[in-house]
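Undergrad: Please see the structure below; I have some questions.
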Amino acid sequence: MRRTLLYLALLVGPAAATAQGLPPAPPAAGALTEFGLPPIHESSLRNGLRVVHIGKHDQPLLTLSLAIPAGPAAVPGGGAGVAKMMAHLLLRGAGARDADELLRALAEMGGRIEVVEDSEHLVLRVHVLSPHAATAFELLADAALRPRLVPGEIERVRDERLRELDRMYTLPASTADRVLDRELHGDRSPHAYGADDLRRVTLEMLADFHGRWFRPEGSLLTVVGDISQSEALRLGRASFGAWEGAVPPASVPAGTHASAAERILLVHRPGSTQSVIRVGATASLGIDPQYEATEVAVEILSRRLWHALREEGDWVYYTRAGLLRRQERAGLRIEAATRTSATDSVVAEIRRQLQRIADEVPDTAEVEAARASLAGALPRRLERVADLAAAVERTYLLGLTPDHLRTYRLKISAVDPRQVRAAARALLRPPSTVVVDGDAASLYDSLQRLAPVEVVGPDHRPL
Amino acid sequence: MLQDVTEYRRPREIRSRRFLHCKRAPLARVAPLTGLALLATLSSAAAAQEPGRIEYEAYRLDNGLEVILSPKGPAQLVAINLTYDVGSAHEPPRRTGLNHLLEHLMFLGSERVERPADLVRGAGGFANAYTGDNSTTYITVLPSNQLRLGLWIEADRMRSLRITEQALSNAKATVTEERLGEANSPYGGLARYEIRALYDSTGCFPYAHGRGGAAEDIAAVTVEDAVAFYDRFYWPAAARLVVVGEFDPGEARAAIREYFGALPAGEEPPGVVCAPGYRAGLLTLRYPEPRAPVAVTVVGYRVPPSHHPDLRPLRLLSTILRDRLQQVLVRERGVARNAGSGVDDFAVGGRWGPAILRVAAVGVPGVTADSLADYLEEEVRSVVEGGVDAADLHRAKELYRRDTISDRETAEDVADGLQQAAAWGDVDRVNTEFAAMMAITEAELARVASEYLRRDNALIILGIPGGAP
């Protein structure tokens, strides 16, 4: 009897209770419908402000985004500090509203406001429920055109930024990001400022910065959401029509700021048990097809790193490689974090993977998977109104054709393995810049065996 | 290039489910709300902004698998959200962290698939998973022509997981790195784990330990432990499948029947055997942090479980508190660099756990954690004693309105909303909750404020910079 029960248990137990009816191999994909990006309308106001509109009407949401070419690239020598202060002051009251009234007005609309900074641009965005479109245009124009540059608010913003800088220095990931960005982009980095730069900023510098760069000709207004083109243009004219002037050319030239030789910047964080690792590089890339080929190469690299570092090495919880397209140069950024004892192994493996992708033509299956991944992800990247606005705006700021997003899948699908290797050689081949934030006393010797090590503090100053 | 984003917004209400992998909502950086200046002009516009109804079809397979389908197009995407009624609360003593380990193991190979995430990514999608107290969720978002692939992967690993020594070793290493990363920043583990001090571990162990588990417990987990846990909880009858996106409902039903229909139901998984209990009275915990330059203080108030009607006014109250703390502590007094508030209800899945309304502040240099606690309590008292006005409540509701509408934007968020509503036992709550929130009155806010935001109902956590106790 006991034997019979055991036999029955084996039959009905977990070993037998598997997915019997399931096909042994993954099902084939069905037919993919054409990607339905709504039409993009482009026009200009008389003052030269370009206006891009996309109607997206499935939810009553609206994003207004005003991109002004007023990033650190505009101001030589400490421009990032001015741009950083300016970005925060834009959110501290404008026109007839002080800071509290501005935020109160946004809350009434279920809205929010944000500033996004990169090298070349300062982008001011307002997100609201779409029936409040008129107020949103008004608030955006106030914030951009009529910020309250008053001494009390400037001092308040300065104190906050100084405290925030101190806080950032205590965070390993934020510190490593800042150090890498400054290494790669020099004075054009939005992080190319320290406490002294913030202390030097005056009301006059801010007023000059605003007066010089906040101009309609050269700026871009992107309107995406539940609004018609005619209404967007009408409200655009009402809010921005009286704005005048043109943006002068940028002052800080583009160019690589990264070291030509391989080295490791080691940010000393005493007692840290985990190292945060960043690896980056920049390169000038063509538009098509080299850029798309680089995207495929970075996608392959990202997958290889995941397998090597997480699944085979047991070294990391998270790793990824990403590519950011910019006007002059494209940037690679690799992220990882690992326990102190494995840091040299992870850095060595990342460098090995960079060398490999530059040296070897990837096999067809790997390229196909990367192409499918990038092409398939496009609708997800554009699902939200705010994300669609940012993507379309980026397309215009980079000087790409308006149908770039619509033809993206075709371009990605046309990339072949040899193009991938060629693109990888341009951007991904070492030397690259390596930043490690961790306990220098424990890491120095092992990292020195990989490349020359320079020890710095969280503020990027040599120790 | 890395972009630097500065956002002045009222952050979304901390979502009703918070999981081990979820990033915390940032503390608010927002100024206060007073006055009624714009109410009159905006109220008519706001009336038109009702969140659209989410249409869905709910049914159950013979083996007990609950299915909810919600076509949403033309998104060219499908989101698959499969949630099991098992979480960290089901872990046995000395095996904390087991559920989280199993969540990782679900991505490390089955009888048919070596790496399911590779299949998903190669198809243009992404996959993720979250561990909660009472549930574990697997999310896959794919191009809509890959719906069958996503369903096939979930059906496969529901009963065919291959748990090996190698896979378990990898999962342990990954989880350990995840914990190291959290602990590597000042106060990294403060809110997540120490708030558990509110619960009485002798009275109800399941809710008294963290979702991540203790390091020694994780190290001790064996393949046999993981297999036994998997075989106990990963069955169709203990799971709920939600599919949202651009798909043909008939084809989806057929694929679900084909892939999941033949799976045996499994036994009803055991529930949590105790009601989560609170420690009584005021509790104060000191948390020295040698790496921190400034003090942090968290005050958590014991509030009812997430299904309780009082959670609605408490959520709106939390939004109002967030703005007041910003106004007074950050902008007017200048004693805090940041301050905020949120409701953290740990439980879903039909077995309710306690929740917390939390207020917190990050001090400026020179302000002690004890002083921050005094400032926080003072502002809470002002709400309890002075109440909130109509303008406060109106703005809190508008922010809730925006969040609700924003949650209709993506297939993944809609799937999450349906899953939560189903966990509450009423799928249509995804459509009715908005009206219930809009009906909350000032009197209800005043009542819950005085009932729950009491000093003798609080846990105060003092984050001490420099490590001095």
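The values are calculated or read from the model by the stated rules, or taken from the named source; none is laboratory data. Note that the structure is a prediction, hence the values are computed from the model and not measured. Glycine gets a Cβ as well: all are built from the backbone with ideal geometry, and neighbour counts include every protein chain shown.
Undergrad: Is it fair to say B:Glu289 is within 14 Å of another protein chain (Cβ to nearest Cβ), surrounded by 15 or more Cβ atoms within 10 Å (Cβ to Cβ), of a type outside the set (Val, Ile, Thr) and closer than 30 Å to B:Ile460 by Cα?
TA: The answer is yes for B:Glu289.
Undergrad: How many residues does region A:317-340 hold that are within 11 Å of chain B (Cβ to nearest Cβ) and free of Cβ contacts under 8 Å to residues at least 24 places away in the same chain?
TA: So the count comes out to 4.
Undergrad: Can I ask one more? Of all residues in region A:135-191, which are away from chain B (no Cβ under 11 Å) and in a loop (DSSP other than H, G, I, E, B)?
TA: If the condition is that a residue be away from chain B (no Cβ under 11 Å) and in a loop (DSSP other than H, G, I, E, B), then A:Arg146, A:Arg148, A:Leu149, A:Val150 are the ones that fit.
Undergrad: Show me the helices (runs of 4 or more DSSP H) found entirely inside region B:349-464 where at least 1 residues are of a type in the set (Val, Ile, Thr) and over 23 Å from A:Leu129 (Cα atoms).
TA: Helices (runs of 4 or more DSSP H) meeting the threshold: B:369-386, B:442-452.
Undergrad: Quick one: count up the residues across region A:180-190 that are crowded, with 24+ Cβ neighbours inside 10 Å and either closer than 18 Å to A:Ala440 by Cβ or in contact with a strand residue (DSSP E or B) (Cβ under 9 Å, 6 or more places away or on another chain) (or both).
TA: Within region A:180-190, residues that are crowded, with 24+ Cβ neighbours inside 10 Å and either closer than 18 Å to A:Ala440 by Cβ or in contact with a strand residue (DSSP E or B) (Cβ under 9 Å, 6 or more places away or on another chain) (or both) number 5.
Undergrad: So B:Asp416 clears everything in (1) out of contact with any strand residue (DSSP E or B) (no Cβ under 9 Å at 6 or more places or on another chain); (2) in contact (Cβ under 8 Å) with a residue 12 or more places away in the chain except one condition, right? Which one?
TA: The one condition B:Asp416 does not meet is (1).
Residue-wise test of (1) surrounded by fewer than 24 Cβ atoms within 10 Å (Cβ to Cβ); (2) out of contact with any Pro (no Cβ under 9 Å at 6 or more places or on another chain); (3) more than 14 Å from chain A (Cβ to nearest Cβ).
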{"position": "B:Leu316", "(1), (2), (3)": "no, yes, no"}
{"position": "B:Val330", "(1), (2), (3)": "no, yes, no"}
{"position": "B:Val335", "(1), (2), (3)": "yes, yes, no"}
{"position": "B:Ala361", "(1), (2), (3)": "no, yes, no"}
{"position": "B:Leu372", "(1), (2), (3)": "no, yes, yes"}
{"position": "B:Arg381", "(1), (2), (3)": "yes, yes, yes"}
{"position": "B:Gly387", "(1), (2), (3)": "yes, yes, yes"}
{"position": "B:Ala396", "(1), (2), (3)": "no, yes, no"}
{"position": "B:Thr404", "(1), (2), (3)": "yes, no, no"}
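Undergrad: From the list B:Ala214, B:Ala167, B:Ala171, which one is within 23 Å of the chain's Cα centre (by Cα), buried (at least 19 other Cβ atoms within 10 Å of the Cβ), touching a residue at least 40 places away in the same chain (Cβ under 8 Å) and closer than 25 Å to B:Phe229 by Cα?
TA: The conditions single out B:Ala171.
Undergrad: For region A:364-463, please list each of the helices (runs of 4 or more DSSP H) lying entirely inside it that holds at least 1 residues being closer than 28 Å to A:Ser272 by Cα.
TA: In region A:364-463, A:440-448 are the helices (runs of 4 or more DSSP H) which contain 1 or more residues that are closer than 28 Å to A:Ser272 by Cα.
Undergrad: I would also like to ask the following. Considering only region A:95-108, state which residues are of a type in the set (A, V, I, L, M) and at the interface with chain B (Cβ under 7 Å from one of its Cβ atoms).
TA: Scanning region A:95-108 gives A:Ala99, A:Leu103, A:Ala105, A:Ala107.
Undergrad: Is it true that some residue in region A:369-383 is away from chain B (no Cβ under 12 Å) and within 18 Å of the chain's Cα centre (by Cα)?
TA: no
Undergrad: B:Ala265 - would you say it is over 26 Å from the mean Cα position of the chain (by Cα), surrounded by 15 or more Cβ atoms within 10 Å (Cβ to Cβ) and small (Gly, Ala, Ser)?
TA: Answer is yes for this residue.
Undergrad: Within region A:51-89, how many residues turn out to be facing chain B (nearest Cβ under 10 Å) and surrounded by fewer than 24 Cβ atoms within 10 Å (Cβ to Cβ)?
TA: 4
Undergrad: Counting just the residues of region A:112-122 that are within 9 Å of another protein chain (Cβ to nearest Cβ) and modelled with pLDDT of 90 or more, which one comes out nearest to B:Asp403 (Cα to Cα)?
TA: Within region A:112-122, the match that is nearest to B:Asp403 (Cα to Cα) is A:Arg112.
Undergrad: State yes or no: is A:Val128 in contact with a helix residue (DSSP H, G or I) (Cβ under 6 Å, 6 or more places away or on another chain), part of a strand (DSSP E or B) and of a type in the set (A, V, I, L, M)?
TA: yes
Undergrad: Let me ask something else about it. Please specify each residue of region A:19-38 satisfying the condition of being within 40 Å of the chain's Cα centre (by Cα) and either within 18 Å of B:Val120 (Cβ to Cβ) or more than 7 Å from chain B (Cβ to nearest Cβ) (or both).
TA: A:Ala25, A:Pro26, A:Pro27, A:Ala28, A:Ala29, A:Gly30, A:Leu32, A:Glu34, A:Leu37, A:Pro38
Undergrad: Could you count how many residues in region B:288-306 are over 24 Å from the mean Cα position of the chain (by Cα) and either under 14 Å from B:Leu453 (Cα atoms) or not β-branched (Val, Ile, Thr) (or both)?
TA: 7
Undergrad: Please indicate, with yes or no, whether at least one residue in region B:158-176 is over 30 Å from B:Glu114 (Cα atoms), modelled with pLDDT under 95 and within 7 Å of chain A (Cβ to nearest Cβ).
TA: Within region B:158-176, none of the residues are over 30 Å from B:Glu114 (Cα atoms), modelled with pLDDT under 95 and within 7 Å of chain A (Cβ to nearest Cβ).
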